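A quick write-up on the structure given underneath.
The values are calculated or read from the model by the stated rules, or taken from the named source; none is laboratory data. Note that the coordinates shown come from a computational prediction; the quantities given were computed from them, not determined experimentally. Please note: Cβ atoms are built from the backbone with ideal geometry, for glycine as well, and neighbour counts cover all protein chains shown.
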Amino acid sequence: MLALLSFALAASAGSAPSVTPPPSVAQGHTRNYFIAADEVVWDYAPTGINQISGKPFEGIQTFFTKQGPQQIGSKSRIPAFVKEVRSPGHL
């Protein structure tokens, strides 16, 4: 069924005129941007308190907030955006 629908759409679209953009639109210019990032330790729960309930984390919440052999903890190393420049010589 899908093949028939695709064929029907392709057949009806075959008579449509082709559109060529004006030369000013068709020509492009390449711009190179460079970003810098540093690895930082990010604490997802710095206060140790659930900011929604106002209470300390408990139960399953501690799996994500307490550091342990089978637990992730609230701190993680992440890349942090530093700046964007147009050439690598300006980093």
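Filter region 64-76 down to the residues that are surrounded by 10 or more Cβ atoms within 10 Å (Cβ to Cβ) and either modelled with pLDDT under 85 or over 30 Å from Phe34 (Cα atoms) (or both) and list them by number.
Phe64, Thr65, Lys66, Gln71, Ile72, Gly73, Ser74
Conditions tested, residue by residue: (1) surrounded by 10 or more Cβ atoms within 10 Å (Cβ to Cβ); (2) at pLDDT 75 or above; (3) among the β-branched types (Val, Ile, Thr); (4) in a strand (DSSP E or B).
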residue	(1), (2), (3), (4)
Phe7	yes, no, no, no
Ala16	no, no, no, no
Ile35	yes, yes, yes, yes
Val40	yes, yes, yes, yes
Thr62	yes, yes, yes, no
Ile78	yes, yes, yes, yes
Val82	yes, yes, yes, yes
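Gln27 - would you say it is at pLDDT 85 or above, out of contact with any Cys (no Cβ under 8 Å at 6 or more places or on another chain), polar (S, T, N, Q) and over 30 Å from Val82 (Cβ atoms)?
Working: at pLDDT 85 or above: no; out of contact with any Cys (no Cβ under 8 Å at 6 or more places or on another chain): yes; polar (S, T, N, Q): yes; over 30 Å from Val82 (Cβ atoms): yes.
Against the criterion (at pLDDT 85 or above, out of contact with any Cys (no Cβ under 8 Å at 6 or more places or on another chain), polar (S, T, N, Q) and over 30 Å from Val82 (Cβ atoms)), Gln27 does not qualify.
Please enumerate the residues belonging to region 43-59 that are without any contact (Cβ under 8 Å) to a residue 12 or more places away in the chain and not in a loop (DSSP other than H, G, I, E, B).
Ile49, Pro56, listed by residue number.
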